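Remarks on the structure that follows.
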Amino acid sequence: MRDFLPVRDEGAEGFIQDVFPISYHVASGGAHHFLQFIQNELMPWIEAEYRVEAAGRTLMGFSWGGEFALYALFHAATVSALCGGQS
């Protein structure tokens, strides 16, 4: 399970475990690692498999995903040309 919260949030960790019970603990605060995955693995794969235009690249997220989209906007603006975050 990938976590995309920018900082550790023990309340969120408890919520995740209550809603998605898994056999191992998932620590929050992994936004940096998730952003690296997007930049180093996901984007190169998409660009190799599909015709894409960087000017139209958009990163959007809802709830915690929205928080991550804003994190990516301010920490790696080259990930997307457009960004949307919704709560």
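We did not get these values from a lab; they are worked out from the coordinates using the rules stated. Everything quoted here is computed from the prediction, not taken from an experiment. No Cβ is skipped: glycine too gets one built from the backbone with ideal geometry, and neighbour counts run over all protein chains shown.
Observations on the structure shown:
- Rounded to the nearest 20 debye, the dipole size of region 10-86 about its Cα centre is 220 debye, using +1 on the Cβ of Lys and Arg and -1 on the Cβ of Asp and Glu.
- Only helices enter the 222 nm calculation for the chain: every DSSP H run of n ≥ 4 contributes -39,500 (n - 2.57), and dividing by all residues gives -11500 deg cm²/dmol, rounded to 500.
- Percent RCO, i.e. relative contact order, over the chain, from Cα pairs under 8 Å lying at least 6 residues apart: 28 percent
- The modelled label-to-label distance for the pair Phe15/His32, using points 7 Å beyond Cα in the direction of Cβ, is 2.3 nm.
- Using the Cβ-Cβ distance between His25 and His75 with R0 = 22 Å, the FRET efficiency computed as 1/(1 + (r/R0)^6) comes to roughly 0.30.
- Distances between placed amide hydrogens fall under 5 Å for Met60 paired with Gly84, all partners being 5 or more residues away or on another chain.
- Under 5 Å, built H, 5+ apart or other chain: amide partners of Ser28: Asp9
- Residue-by-residue Karplus 3J(HN,Hα) for region 71-79, coefficients 6.51, -1.76, 1.60, Hz, glycine and proline x: 4, 4, 4, 8, 10, 7, 4, 7, 5
- Compared with the direct C-alpha span, the chain from Leu82 to Ala54 gains 9.1 nm at full extension, assuming 0.36 nm per residue.
- In sequence order, calculated HN-Hα J values of region 34-50 (Karplus, 6.51, -1.76, 1.60; Hz; x Gly/Pro): 5, 5, 4, 4, 4, 6, 8, 10, 5, 4, x, 5, 4, 5, 6, 8, 9
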